[in-house]
Amino acid sequence: MTISLEGKKALVTGGGRGIGGAITLALARAGADVVACYRDGGDHVDRLAETLAGTSGKHHLMRADVTRAEDVEALIQTCRDRLGALDVLVNNAGVISHVPFAELTPAEWHRVVDTNLTSVFTVVQAALPLLSGNSSVINIGSGSAFVGLALRAHYTATKAGLVGLTRSMNRELGPRGIRVNVISPGVVQTEKELSPEIVARYTAMTSVGRLGRPEEIANVALFLASDLSSYIAGADIDAIGGI
Ligand code: NDP
């Protein structure tokens, strides 16, 4: 079955590659007009722009660091100018690092918290005037938030915090017609190289016998972006391959 987002306007943060890139493309292919931002960019953004040009709709990829207030302002202004309103907002931008808890510096803690959690507060708040009375905010969490991971205390703290933020925003914004949900992916193989040992270890933990693909997370986002999910609000949807 195909999902149509014809006429919908969407913003995807961190939408230049990986899971966010797949979400950008899936929304565009479903008929939405999409603005997506990235932090540094590169050849992968040019390739995505070329693919987007082959879809219908008005799309725009731009550099905007979601941890910088002036960039968030410019991002939302671009959505206002190009799209007029927003029906879908995907907070996907995220960073991770592997650091023993005893060696975690305040600077690294803040980098990860600012990117993965605080940005969701600032972007959603700035986007509020644009969000329509039938809109969907989709936050990309992580299945690791519910079990914990060694060396990623800072990362899992942000993703667990995102669930609380989502549920509370949903209670306040739901009556305005804004549904807020989280998708919690398992281990997803993006363009980034994973060692054979890591692939084998995480594959063995799944029931489906493989790591996830970015498109499989994008499919969940597509569903949450569409009116097919109209009664799903304040939820966490796990896409973890049975880990
Ligand atoms: P990638 O590192 O492949 O892509 C992240 C994207 O976010 C890039 O486009 C990057 O831009 C952008 N980004 C990072 N920081 C900022 C910032 N400050 N401002 C704007 N954009 C930013 O990540 P993944 O696709 O692996 O992950 C995407 C999301 O999914 C994250 O929230 C992650 O925590 C979550 N997730 C991923 C899993 C996985 O296994 N891959 C598992 C569970 C959750 P640029 O390329 O320019 O740096």
>> For Lys9, give me every one of the lysines with a C-alpha distance below 22 angstrom, ignoring sequence neighbours fewer than eight places off in its own chain.
In response: Lys58
> Roughly how many percent of the accessible protein surface of the chain is carbon and sulfur, given a 1.4 Å probe and a whole-percent answer?
Replying inline: 54
> Which loop-located GluC sites (Glu not before Pro) does region 155-221 contain, where loop means any DSSP state but H, G, I, E or B and the Cβ has at most 13 other Cβ atoms within 10 Å?
Replying inline: Glu191, Glu193
> With the other protein chains left in place, how much accessible area per residue, in square angstrom, belongs to the chain at a 1.4 angstrom probe?
Replying inline: 47
> What is region 84-206 by shape, rounded, prolate or oblate, if you read a ≥ b ≥ c off the alpha carbon gyration tensor as root eigenvalues and call it rounded for a/c under 1.5, prolate for a/b larger than b/c, and oblate otherwise?
Replying inline: prolate
> Where does the longest stretch of the chain lie that holds no trypsin sites (Lys or Arg not before Pro) found in a DSSP loop with 12 or fewer other Cβ atoms within 10 Å?
Replying inline: 1-191
> Restricting attention to region 116-219, which chymotrypsin sites (Phe, Trp or Tyr not before Pro) occupy a DSSP loop and are surrounded by at most 13 other Cβ atoms within 10 Å?
Replying inline: none
> Between region 1-52 and region 80-134, how many Å separate their Cα centres?
Replying inline: 17
>> Please state the shape class of region 165-225: rounded when a/c is under 1.5, otherwise prolate if a/b exceeds b/c and oblate if not, all from the C-alpha gyration tensor.
In response: prolate
>> Ratio of alpha-carbon Rg to the 2.2 N^0.38 Å globular estimate for region 44-151, to two decimals, please.
In response: 1.26
>> Just to be sure I understand: with springs between alpha-carbon atoms less than 10 Å apart, which residue in Val34, Val88, Val113 has the highest mean-square fluctuation in the Gaussian network model of the chain?
In response: Val113
> For region 9-239, what does the alpha-carbon gyration tensor say about shape, rounded, prolate or oblate, given a ≥ b ≥ c as the root eigenvalues, a/c under 1.5 as rounded, and a/b over b/c as prolate?
Replying inline: rounded
>> With a 10 Å cut-off between alpha carbons and a GNM built on the chain, which of Leu130, Leu228, Leu86 moves the most?
In response: Leu228
>> How large is the direction-averaged shadow of the alpha-carbon convex hull of region 1-106, in nm²?
In response: 8.3
> To the nearest 10 square angstrom, what accessible area does Ile240 show with a 1.4 Å probe?
Replying inline: 50
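The values are calculated or read from the model by the stated rules, or taken from the named source; none is laboratory data. All values reported here derive from a predicted model rather than from experimental measurement. Positions of Cβ are generated from backbone atoms using ideal geometry, with glycine treated the same way; all protein chains shown enter the neighbour counts. Surface areas here come from the heavy atoms of the whole protein model, side chains and all, with no ligands, DNA or RNA. Shrake-Rupley method; radii C 1.70, N 1.55, O 1.52, S 1.80 Å.
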